[in-house]
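Chemist: One structure, as C-alpha cells, below. Some questions next.
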2 protein chains.
Amino acid sequence: VRALARGISQVEEGVPQAIALLQSIFPRTGNATVVGLTGSPGSGKSTLVDRLIATYREQGHRVGVVAVDPSSAFSGGAILGDRVRMQSHATDADVFIRSMATRGFLGGLARATNDSIDLMDVAGYDPILVETVGVGQDEVEVVKTADVVVVVLVPGMGDDIQAIKAGILEIADLFVINKADRPGADRLEAELQYMLALAENPERPRPRILTTVATENRGVTELRDEIQTHLQSPGGGQREARRRERARARLLTVLSDRLMERALRGPLAGEALDELVEEIASRNTDPYSAAERILDQLLGGGPTARTEDT
Amino acid sequence: VRALARGISQVEEGVPQAIALLQSIFPRTGNATVVGLTGSPGSGKSTLVDRLIATYREQGHRVGVVAVDPSSAFSGGAILGDRVRMQSHATDADVFIRSMATRGFLGGLARATNDSIDLMDVAGYDPILVETVGVGQDEVEVVKTADVVVVVLVPGMGDDIQAIKAGILEIADLFVINKADRPGADRLEAELQYMLALAENPERPRPRILTTVATENRGVTELRDEIQTHLQSPGGGQREARRRERARARLLTVLSDRLMERALRGPLAGEALDELVEEIASRNTDPYSAAERILDQLLGGGPTARTEDT
C-alpha cells in the first residue's frame, strides 16, 4: 500500500522515475474493471461510491477509488473550512482511495488519473471506481473511457444544478437516480426515459435507469449487479472499443506533454518564453505567428523536410 | 454582427482562414475589459450576467458575452429537454452573446474562448463578460486570465453544491453572494471573510464581498461599479500581469495544438495512429514508449541535434 501511494505521488509529480515505473508495469495492466461515476455536485455520488465499496467488499473484491471531483467527500472537497469528512473505509487495507488534485497544464488530470488506475490495477485492486464531477471538459475526458459509465442524477434540484455536459448523456451506460425518496423522482425518471427514447441509437442498448437511496443503502447492491450485467452483456460491454479509446487518449496526451516539454527545454528555454510572451502581450506579434516560429525551430522544415533528412 | 458571428464560427471550427483572420486582427485587440464570472451551477450567474448587461447598456456600453457554462441560460443549458430560455437582450444589436460548445481535444475550449474575445474586442464590444462554471479544470483556465474575476456564491446550498475548485479562491478579485435574501447569507459572508482573512496575501488587496439579488436587480449596479473601481485601483488591477498570463496561456495552447497537428499529419498519419493504439491496447507497447517513438520521428534527434543542424 505504501509503495502504491508513493508510486501515485511520483506519477502526480511527474518525476522521471514515474515514467520508468509506468513503463515497467504496463504489460501487467488492463485486468481491473474501471467504473466511472459522474454527476453534478450534490448528487450524492460520494455516498453512493462509499456504499458501492461496501458491497464490493462483501464479495471479497479489493477496491480502488480515484476521486477527481472537487466536491467529493473522498477528495476532502468543500470550499469553506476543511472539514475532512469521515471515510468509513479508511482503515481497510483492501480499499485504496486516492483523490486527484488537478494539476498544471492541459491534460494533466487525465494523465495522472489513468496512470493511477494502472498502478492500482497492478497492485490487485479490482474494480477501480473513478468519481468525477460531470461538468468540466477535462473531467468528462477522464470518465468517458471507463469500462462502464454511471451517471448519477437527483430529483428536485432543477435543471440548473443538474447541469451536466450534453456529451455525458451520450456516454452513459447506466443512469442512477439517487436520493430517489425525494419528491420528483418519478418525474425525473419519466423525463429521462423520454430523452433516451429520442436519442435511441440502434448500435447500443438503451441505458437502464436505476434508483437508489445511498444514505439508506437502498438499491446499491442492485447497482453493483447491474454494472456487472452490463459489462457481460453481448452488445453492452463495448469494453474493447472503450479500451482502444483510452489507449488513444493516453497516447495523445503523453505525446502532447512530451512535445511541450521539448519546446520548453528547447526553443522556449531560459528567457525565450518570457520574451515571446512579452511580444504577444504588447501586440508586437500574435500567438499564431509566435507558435509557428517555435514550431520551425523545433521541427526544422517540418515533417516533410525531416523525412528527407532520414 | 453577422461577420462577427461567422468569424467566431470559423474560429470554433478551426478552419485555416480563421488563423489568418485572428492574425490580421490581433494588433487591434486588447482594448476591451474582460470580466470573468464563475460559480457553481445554480448560483444564478446567468441572471446576474443578464442584469449586468442591462446596467452596462444604460451606460452606453456595447457588451459581449461568452458563455462557457453548460448550465447557463445563455448557452441554452439544462440537460432535460431543450427549453431555450428567453434572452432579454436577444434583439439588441449592441449585445453580442455567444455560447461556447466545448470541443474536441485538449485546450480547445480556452483557445476558442480567447479567440472569440479577440473578435468581439475588435468589433467594438467592451466590456466582454465571460461566464464559466467554476468546477472543471479547463473552465478555470478560461476565466483565470480575465482582467477581473468575480466568483458568485449562494447561501444555503451546503458545501457540496457550492464546491468550487480551490484554485478559484486564489484568483477571485471580487466575491458576490447572490440570492442574498435567502437564509444563510450572513453566515456565508462571515465564513468567507474568515477564510479570506486566513488566506491574506500582502501583495494583493483582500477581495471585497458584495451581495446581490439578481432576480430583483438588487446590488447589480453596485457590482458594476465595484468592478470598475477594482480595475482602476493601484494595486488591485493586476491587469498587466493577467494579460501576460493570458498571452502565455494562449501561446502554449496554440503551440500545443500545432505540434499535435504536425504529429497527426506526420508520423501518425494514415493508419499509423490506429496501429499504435492497437499496440497499446494489446499491451505490446506502453503509451510512454510509443510517444517517445513518435517524438523521435517528428523531431529527429531532439532539440540538441536540431541546434547542431541549424
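The values are calculated or read from the model by the stated rules, or taken from the named source; none is laboratory data. These numbers were taken from a predicted model, which means no experiment stands behind them. Positions of Cβ are backbone-derived with ideal geometry, glycine not excepted, and every protein chain shown enters the neighbour counts. Protein only, heavy atoms only, side chains kept; ligands, DNA and RNA dropped before computing areas. Shrake-Rupley method; radii C 1.70, N 1.55, O 1.52, S 1.80 Å.
Chemist: Identify all aspartates and glutamates with a Cα-Cα distance to B:Lys144 below 17 Å; exclude those on the same chain that are fewer than 8 residues away in sequence.
Modeler: Partners found: A:Asp138, B:Asp69, B:Asp115, B:Asp118, B:Glu131, B:Glu170, B:Asp173, B:Glu240, B:Glu245.
Chemist: Sticking with this structure for a sec: Considering the Cα positions of the stretch A:169-271, please state its Rg to one decimal place and its Dmax as a whole number of Å.
Modeler: Both quantities, over Cα of the stretch A:169-271: 20.7, 61 Å.
Chemist: Hey, another quick one. Could you rank B:Lys179, B:Lys144, A:Lys45 by how accessible they are, 1.4 Å probe, largest area first?
Modeler: Largest accessible area first, the list is B:Lys144, B:Lys179, A:Lys45.
Chemist: Another question, if that's okay. Along Cα-to-Cβ, 7 Å out, sits the label point; list in nm, shortest first, how far the one on A:Asp181 is from those in the other copies.
Modeler: 3.4
Chemist: So, one more: Across the residues of B:35-45, average count of Cβ atoms on other protein chains within 10 Å? Intermediate values should be presented prior to the final figure.
Modeler: Numbers: counts 0, 0, 0, 0, 0, 11, 12, 10, 2, 1, 1.
That average works out to 3.
Chemist: A further question follows. Using mean Cβ contacts within 10 Å as the protection proxy, how do A:203-209, A:8-14 order, highest first?
Modeler: A:8-14, A:203-209
Chemist: Let me ask something else. List the distances, in nm and shortest first, from the label point of A:Thr221 to the matching label points in every other copy, placing each point 7 Å from Cα along the Cα-to-Cβ direction.
Modeler: Between copies, matching label points for A:Thr221 lie 6.4 nm apart.
Chemist: Where Lys and Arg each count +1 and Asp and Glu each count -1, what net charge lies around B:Asp92 among other residues with Cβ under 11 Å from its Cβ?
Modeler: Charge balance in the 11 Å sphere: +1.
Chemist: Which ³J(HN,Hα) values, rounded to whole Hz and listed in residue order, are derived for the stretch B:144-153 from phi using the Karplus coefficients 6.51, -1.76 and 1.60 in 6.51 cos²θ - 1.76 cosθ + 1.60 with θ = phi - 60°, glycine and proline given as x?
Modeler: In residue order, the calculated couplings are 6, 9, 5, 5, 9, 10, 10, 9, 9, 10 Hz.
Chemist: If you don't mind, there's one more thing I want to ask. Treating the beta-carbon of each Lys and Arg as +1 and of each Asp and Glu as -1, no other charges, what is the dipole magnitude of the stretch B:197-303 about its Cα centre, to the nearest 20 debye? Show your work: numbers first, answer last.
Modeler: Working: 17 positive and 18 negative charges, 164 e Å.
Dipole of the stretch B:197-303, to the nearest 20 debye: 780 debye.
Chemist: Now a separate question. If you take each beta carbon of peptide B:290-299 and count the beta carbons of other chains within 10 angstrom, what is the mean?
Modeler: Details: counts 5, 11, 5, 1, 6, 6, 1, 4, 9, 9.
Counting other chains' Cβ atoms within 10 Å and averaging over B:290-299 gives 6.
Chemist: At q = 0.15, 0.33 Å⁻¹, what base-10 log of I(q)/I(0) does the Debye formula yield for the stretch A:226-272 when every alpha carbon is treated as an equal point scatterer in vacuo?
Modeler: For the stretch A:226-272 at q = 0.15, 0.33 Å⁻¹, log10 I(q)/I(0) is -0.57, -1.03.
Chemist: Report, ordered by chain and residue number, the aspartates and glutamates lying within cross-link reach of B:Lys179, taken as a straight Cα distance under 17 Å and ignoring same-chain residues fewer than 8 apart.
Modeler: Of all the aspartates and glutamates, those that pass the test against B:Lys179 - Cα under 17 Å, at least 8 places apart if same chain - are A:Asp160, B:Asp50, B:Asp159, B:Glu189, B:Glu191, B:Glu216, B:Glu222.
Chemist: Could you pull the copy-to-copy label distances for B:Glu240, with points set 7 Å along Cα to Cβ, in nm to one decimal and sorted shortest first?
Modeler: Those separations, rounded to one decimal, come out as 6.1 nm.
Chemist: HN-Hα J couplings of the stretch A:201-212 from phi, Karplus 6.51/-1.76/1.60, θ = phi - 60°, integer Hz, Gly and Pro as x?
Modeler: 10, x, 7, 9, x, 5, x, 7, 10, 10, 10, 9
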